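**Q** The structure that follows is given in the form of structure tokens.
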Amino acid sequence: MPVRSERAAVPASAGRYLREDERIHIADRLREKASIRAIAAELGRSPSTVSREIRRNGALWRGTQWTYRPHAAQARAEARRPRPKPGKIGQSPRLRDYIQEGLERRWSPEQIAQQLRRDFPDDPEMHVTHETIYQALYVQGRGELRRELTRALRSGRARRKPHRQSNKRQPRFTAPMVMISERPAEAEDRAVPGHWEGDCIVGPGHRSAIGTLVERSTRFLMLVHLPDGHRAERFHLALADTVKQLPPHLKRSLTWDQGNEMAGHQVFSTAADMRVYFCDPASPWQRGSNENTNGLLRQYFPKGTDLAVHTREHLDAVAAELNSRPRKTLGWETPAERLSKLLATTRQ
């Protein structure tokens, strides 16, 4: 068994790239027949990092034997590192011309990237990702594609618009939201009536709307009449007017999405004595009953129609019709029947 020679410990590295002393350590330990994992543990590196280093920066010795020479490996790594590197598009006039022609035809970078693979299936030099095309357009100093071609993009932007990080977003409403994660556990299992889900179905141009309220246990529906639209300053008043007819034990909570119409949620909560919880962004499944009911309502209020023409009496009639419709999820009972049963149990 090879005997490991005494040497000074290699300082632990927090850097992204291997240092020259680390490469010397790798070479010494390879001569001692140490395993890749052992070398990696000694350097505080991942085994894949050491394996990749040997594979990329090693060389054949006299054309027959693979060897790893640390100083040559360091030179190869340094030669690859300088930035900026010439881009693939800038090095190929044929590729550049093809992409520029596609952009002039108002194709998106993703369409161009996919078409390149169809037109040149066996020519990897003509394959790029759509991200590479965007980089050639947006990154200053690359000079790979004409700057004015950004006007052909659907966004029309000459630079990327940064996305806000979730932890840096401004609060949605003045009054802080209480999120759905804090909603009582009893609302989850649907055993206790009085927990509602709410939303709006909207007309063309968002100029008209109808508010929808669905009770989670029974799927019982109430519709909110919004003849003056669903702007926040009026919406919470109409919502409170709708739920005031409910007895206190049926006003346990209301779950809504983060739509602008609920900016007055705190005023509503105080007036109606009903807690409001908000779904996470882009999470419609957290109001699944309400989303399903909104789909049913489109039989009565088709998309693209003005919703302001419907009277309160008509909305009440539609709600009554849906509440008397047997539902599979209720064992073919109607929402009205299920609500009556729950109320009778509650009174006992």
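**Q** Would you tally the net charge around Phe268, using a Cβ to Cβ cut-off of less than 13 Å, leaving Phe268 out, and scoring K and R as +1, D and E as -1?
**A** 0
**Q** Also: Given labels modelled 7 Å from the Cα in the Cβ direction, how far is it in nm from Arg16 to Ala41?
**A** The modelled label-to-label distance comes out at 2.9 nm.
**Q** Something else now. Give the separation of the Cα centroids, segment 212-263 to segment 280-348, in Å.
**A** For segment 212-263 versus segment 280-348, the Cα centre distance is 13 Å.
**Q** I would also like to ask the following. Determine, from the Cβ-Cβ distance of Glu131 and Arg231 and an R0 of 51 Å, the FRET efficiency 1/(1 + (r/R0)^6), rounded to the nearest 0.05.
**A** The calculated FRET efficiency here is 0.80.
**Q** Between Arg94 and His206, 0.36 nm times their residue separation minus their Cα-Cα distance comes to what?
**A** Extra length available between Arg94 and His206 comes to 35.6 nm.
**Q** Below 13 angstrom from the Cβ of Lys328, what's the summed charge of the other residues (Lys, Arg +1; Asp, Glu -1)?
**A** +3
**Q** With a cap of 16 neighbouring Cβ atoms within 10 Å, and only residues DSSP puts in a loop, list the GluC sites (Glu not before Pro) found in segment 253-317.
**A** Sites meeting the loop and neighbour criteria: none at all.
**Q** Obtain the nm distance between the two label points defined at Gln299 and Arg325 by a simple spin-label model: each point lies 7 Å from its Cα along the Cα-to-C-beta direction.
**A** 0.3 nm
**Q** Given labels modelled 7 Å from the Cα in the Cβ direction, how far is it in nm from Arg80 to Asn260?
**A** Between Arg80 and Asn260, the simple spin-label model gives 5.2 nm.
**Q** Can you list the trypsin sites (Lys or Arg not before Pro) in segment 290-344 that are in a DSSP coil and have 16 or fewer other beta carbons within 10 angstrom?
**A** Arg298, Lys303
Values in this text are rule-based calculations from the coordinates and carry no lab data. Quantities reported herein were computed from a predicted structural model and do not represent experimental measurements. Glycine also receives a Cβ, built like all others from the backbone with ideal geometry; neighbour counts cover every protein chain displayed.
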